[in-house]
Amino acid sequence: LHTLFPYTTLFRSYLMSRLLSMFTASKPHYVPAATVLFLDLDRFKFVNDSLGHSAGDHLLKAVARRLENCIRGDDIFARIGGDEFAILLAGDDKAPLAIELSQRIVSQLSQPVVIDGHDIFTSCSLGIVTTDASHETPEDLLRDAEVAMYVAKKKGRGRWTIFDRSEERRVGKECMES
């Protein structure tokens, strides 16, 4: 995948760098203004296993193009690894925008991708988190976005959910056990 996504590491590093600068530039006891969406493709392993890694790579490229078409010019998105992507919305009060963006992404990714003459249907699960006082590092923020994504995934394909601290311990424990 690195040959097909040569900039994955670069964009992941840029995303983390932007998040880190937001956290370190903040004054003590100041919470940086950011919302993160964490996206995981549903059934990606099935595509890779049944149609081969070339088809999986093609699907990832199509997903990346669709994500680029969904986001605004000042948003940052990066492939985190495998079939996971993160989108950073910097600034205050981005939760409503994140919900709108999640709905747009779910809709866009529900459209088939043609691979070798076959319509391949995929969907995604998205977790949304907005910074609060409990987020001291970019990793805290991404962890909570990922927890929310797992909650969405448990609800079924093509879902999104906003992080709820009460879910953190339960979902984290379930993820560790699986």
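The values are calculated or read from the model by the stated rules, or taken from the named source; none is laboratory data. Keep in mind that what you see is a predicted model, and the values were worked out from it rather than measured. In this analysis, Cβ positions are derived from the backbone assuming ideal geometry, glycine residues included, and neighbour counts consider all displayed protein chains. We work out accessible area using only protein heavy atoms, side chains counted, and drop any ligands, DNA or RNA first. Shrake-Rupley method; radii C 1.70, N 1.55, O 1.52, S 1.80 Å.
Each principal axis of the Cα atoms in segment 109-172 has its own extent, and those three values, largest first, are 49, 22, 15 angstrom. Net charge in the neighbourhood of Leu97 (other residues with Cβ under 13 Å of its Cβ; Lys, Arg +1, Asp, Glu -1) is -2. Just so you know, the averaged projected area of the alpha carbon convex hull for segment 45-112 sits at 4.8 nm².
Straight-line cross-link partners of Lys153 among the aspartates and glutamates, defined as a Cα under 19 Å from its Cα and at least 8 positions apart when in the same chain: Asp40, Asp42, Asp83, Glu84, Glu100, Asp144, Asp164, Glu167, Glu168, Glu174, Glu177. Of the listed residues Met16, Met149, the order by accessible area with a 1.4 Å probe, largest first, is Met16, Met149.
Computed over protein heavy atoms with a 1.4 angstrom probe, the accessible surface ordering of Thr122, Thr137, largest first, is Thr137, Thr122. Projected label points at Arg157 and Ala133, each 7 Å from Cα along the beta carbon direction, are separated by 4.3 nanometres.
Taking a 1.4 Å probe, which of Tyr150, Tyr14 shows the most accessible area, and what order do the others take after it?
Working: Tyr150 75, Tyr14 110 Å².
So the residues, ranked largest to smallest area, are Tyr14, Tyr150.
Excluding ligands, DNA and RNA, the accessible surface per residue across segment 53-178 is 51 Å² with a 1.4 Å probe.
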